[in-house]
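Student: My structure is below; once you've seen it, I'll send some questions.
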Amino acid sequence: MTAILGRKITYSKPSLLRFRATIIKRGTPKAFANVMTMLYFITQMGNAKQITPTAQELLHREATSFDQYVKDYREDFL
């Protein structure tokens, strides 16, 4: 994102409690914040490291890369 957007992007890797508190403070309903926190936890545990063909199988096309996604929605990140 830094290279594509031309500004430094950092990731702070907050604790689970801080992550949950932050998204609730931003207006996320608590029930949905709990789901997001569990997804965040699963990612932190390394369970999202493997790339699977699921997106390609469902879309019947090559999945969009993250770099391409950032390029396509660049204005939304600025």
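The values are calculated or read from the model by the stated rules, or taken from the named source; none is laboratory data. This structure is a prediction, so every number in the text was calculated from the model and none was measured. Please note: Cβ atoms are built from the backbone with ideal geometry, for glycine as well, and neighbour counts cover all protein chains shown.
Student: Between residues in segment 27-44 that are within 11 Å of Leu16 (Cα to Cα) and residues that are part of a loop (DSSP other than H, G, I, E, B) and modelled with pLDDT of 95 or more, which pairs lie under 8 Å by C-beta distance while being six or more apart or on different chains?
Tutor: Cβ pairs passing all conditions: Met36/Thr28.
Student: Next up: Regarding segment 29-38, can at least one residue be identified that is loosely packed, with under 12 Cβ neighbours inside 10 Å and aromatic (Phe, Trp, Tyr)?
Tutor: There is at least one residue in segment 29-38 that is loosely packed, with under 12 Cβ neighbours inside 10 Å and aromatic (Phe, Trp, Tyr).
Student: Do we find a residue being outside any helix (DSSP H, G or I) and either of a type outside the set (Ser, Thr, Tyr) or in contact with a strand residue (DSSP E or B) (Cβ under 9 Å, 6 or more places away or on another chain) (or both) anywhere in segment 65-77?
Tutor: Step one: filter segment 65-77 for residues outside any helix (DSSP H, G or I), giving 65, 73.
Within this subset, residues satisfying the condition of being either of a type outside the set (Ser, Thr, Tyr) or in contact with a strand residue (DSSP E or B) (Cβ under 9 Å, 6 or more places away or on another chain) (or both) are none.
No, segment 65-77 has no match at all.
Student: Output the number of residues of segment 8-22 satisfying the condition of being of a type in the set (Val, Ile, Thr), surrounded by 13 or more Cβ atoms within 10 Å (Cβ to Cβ) and touching a Ser or Thr at 6+ places or on another chain (Cβ under 8 Å).
Tutor: Initially, segment 8-22 is screened for residues of a type in the set (Val, Ile, Thr), giving 9-10, 22.
Keeping just the survivors that are surrounded by 13 or more Cβ atoms within 10 Å (Cβ to Cβ) gives 22.
With touching a Ser or Thr at 6+ places or on another chain (Cβ under 8 Å) added as a condition, the list becomes none.
So the count comes out to 0.
Student: So, one more: Could you tell me which residue of segment 36-62 is modelled with the lowest pLDDT, considering only residues that are part of a loop (DSSP other than H, G, I, E, B) and more than 16 Å from the chain's Cα centre (by Cα)? Step through it out loud before you land on a result.
Tutor: So the first thing to find is which residues in segment 36-62 are part of a loop (DSSP other than H, G, I, E, B), and the list is 45-53, 60-62.
So of that shortlist, the ones also more than 16 Å from the chain's Cα centre (by Cα) come out as 52-53, 60-62.
Working: Thr52: 89, Pro53: 93, His60: 96, Arg61: 95, Glu62: 93.
Out of the qualifying residues, it is Thr52.
Student: Out of Ala31, Ala3, Ala21, report the one residue that is touching a helix residue (DSSP H, G or I) at 6+ places or on another chain (Cβ under 9 Å), over 27 Å from Arg74 (Cβ atoms), assigned to a helix (DSSP H, G or I) and among the hydrophobic types (A, V, I, L, M, F, W, C). Give the derivation first.
Tutor: Values: Ala31 fails: touching a helix residue (DSSP H, G or I) at 6+ places or on another chain (Cβ under 9 Å); Ala3 fails: over 27 Å from Arg74 (Cβ atoms).
On inspection, the qualifying residue turns out to be Ala21.
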